[in-house]
1. Only residues that are in contact (Cβ under 8 Å) with a residue 40 or more places away in the chain and either farther than 19 Å from C:Leu109 by Cβ or surrounded by fewer than 21 Cβ atoms within 10 Å (Cβ to Cβ) (or both): list them for the stretch B:1-26, please.
2. Which number in (1) within 21 Å of C:Leu33 (Cα to Cα); (2) facing chain C (nearest Cβ under 7 Å); (3) surrounded by fewer than 21 Cβ atoms within 10 Å (Cβ to Cβ); (4) touching a residue at least 60 places away in the same chain (Cβ under 8 Å) marks the one condition that B:Leu37 misses?
3. Which ones in the stretch C:164-182 are open to solvent by 30 Å² or more (accessible area, probe 1.4 Å) and among the small types (Gly, Ala, Ser)?
4. A:Gly124 versus (1) open to solvent by 20 Å² or more (accessible area, probe 1.4 Å); (2) modelled with pLDDT of 90 or more: which is the lone unmet condition?
5. List the pairs whose first member sits in the stretch C:126-139 and is more than 7 Å from chain B (Cβ to nearest Cβ), whose second member is at pLDDT below 90 and open to solvent by 40 Å² or more (accessible area, probe 1.4 Å), and whose Cβ atoms are under 9 Å apart, counting only residues at least 6 apart or on separate chains?
6. How about the stretch B:46-90: which of its residues are of a type in the set (Ser, Thr, Tyr) and either facing another protein chain (nearest Cβ under 7 Å) or in a helix (DSSP H, G or I) (or both)?
7. Please report, ordered by residue number, the helices (runs of 4 or more DSSP H) entirely within the stretch C:1-75 with at least 2 residues that are more than 9 Å from chain B (Cβ to nearest Cβ) and of a type outside the set (D, E, K, R).
8. Being polar (S, T, N, Q) and closer than 20 Å to C:Phe176 by Cβ is the filter; apply it to the stretch A:70-103 and report the residue that is most open to solvent (accessible area, probe 1.4 Å).
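The values are calculated or read from the model by the stated rules, or taken from the named source; none is laboratory data. On a predicted model such as this, the values are computed, not experimentally measured, just so you know. When we count neighbours, we look across all protein chains shown, and the Cβ atoms used for this are built from the backbone with ideal geometry, even at glycine. Areas reflect the complete protein model, heavy atoms only, side chains present, ligands, DNA and RNA absent. Shrake-Rupley method; radii C 1.70, N 1.55, O 1.52, S 1.80 Å.
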Amino acid sequence: MKERDESPIVLIVSRILSPFIMLFGAYVIAHGHYSPGGGFQGGAMLAASVLLVRLAAGSRISELQFKRAWGTPLGIAGVSLFFGVGLAAVLFGGQFLNHEFFHLIPGVTGPMLRSLSILVIEVGVGLAVMGILVSIYDDLLEEDERREDL
Amino acid sequence: MSFFLGHYAYWFIIGLLLIGFYAIIFKRNLVKQVIGLSIFQTSIILFWVASAVKWNATVPIYDPAFPLEETANYINPLPHTLMLTAIVVGVATLGVAFALLITIYKHYKTLDEEELIKEMKRW
Amino acid sequence: MHWELEITLLIFGVAAAWLSISTRSLLTSAVTLTVFSFLMALSFVTMGAIDVGFTEAVVGAGVTGIFIIIAIFKTARQSPEKPEPRLRAPRLAALLLFGALLIYGSTGLPDRGDANALLHRDPSAAGTVNAASYYIQNAYEDAATPNMVTVILADYRGYDTLGEEIVILAAGLICFLILRTTRERRERERRKSDRFNR
């Protein structure tokens, strides 16, 4: 934003903290089967780790971590992953989003198969939420950043 | 007393709904109105969560100590699921609302409701 | 569920909500809205909705606050104390009518926490199996996943979640289309404003 004072402490702390928040976000997505958490929460935490660096260090440094052009494609990739799980069940001869027909990995059947496809869906949801939240942030800040470049 | 214990959360929710509704219809600043909308939405989520409660029940995560056959052991998980997605959709639509507000401000240089209506009539 | 804790959190929540719409500075308003979201997250957890509380704490208190502060910085920071809008009486009447109707309706709701309420009862009002009871009893067997909310979210009600995903994607694309301007359009606008200034 306008009139930013570059404070080295804020910059370094946010850069050190960001990967750990990202790791915790990934843990929340992966561990959503056994504890509170899942795709929505983990995706929002991943987005928060990116936004932390964006707020503290400005666009030039945070471009190195997450490019502003990546947000929307990541969101589309997440939704496609979710849709793909549903469609795969149709291709294997079942109904849309019926996980018992999601035979991508041989030897896994029944409840474990459904558990696995829930994990795939959570990853898709997490990617979509992360991408969309970061892209909304970038869009809201669009004009100021451009003025810095000029 | 049991009527009070069964209903007090609804009265707080009604208070929050009225605060949100007051901001939407009385405030002239559009950002304030959006904040009121956000409060209104959160109180509706609170209503769903509050009505899913069962006395002496545990959270909806399977624990072998509580048998699954007795459904009174677990809080109703269905409203939780519906509201989980509603929160995230709420923040995405809030982003859309702010995108519209920023565009309005660029065109008219004001976010005051009545001044906006005046400006729009002039054009 | 502890009703003393719940009442305390709800009183502070109502106070924070009132503060956030009655202050003049919009920044104070954004920060108190964040406080309100945290209190709501705590009361969700008190009511046993740990997943919803987690989401509210991350999304409502974190990301919403950032969005509001950006929007305030991009527009005007103060909301100047203007006279109240016209048509004050009908608006007040609408507000009071709304409140009275809600309070009248709330007396007819079943007691909270009653396991035999219509929402939780096992054959449901139509005489079929109650959906929530079915989910509680079968979620672990069907999907080998202890967290019932996750199973309902991704498996039983996958269509719902897919729809919400598409809504979120649409919202992101709308922001993109409204705000992200192309280079040519910016050039055109700058030329127009230069001509205007001369």
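1. Start the filter on the stretch B:1-26 by keeping residues that are in contact (Cβ under 8 Å) with a residue 40 or more places away in the chain, which leaves B:9-10.
Correct list: B:Tyr10 only.
2. (2)
3. C:Ala170
4. Every condition holds for A:Gly124 apart from (1).
5. Sorted first by the residue in the stretch C:126-139, then by its partner, the pairs are C:Val129/C:Asp122; C:Val129/C:Pro123; C:Asn130/C:Leu119; C:Asn130/C:Arg121; C:Asn130/C:Asp122; C:Asn130/C:Pro123.
6. B:Ser51, B:Tyr62, B:Thr71, B:Tyr74, B:Thr81, B:Thr85
7. Those helices (runs of 4 or more DSSP H) span C:3-22, C:26-46, C:64-74.
8. Once the filter is applied, the top-ranked residue is A:Ser80.
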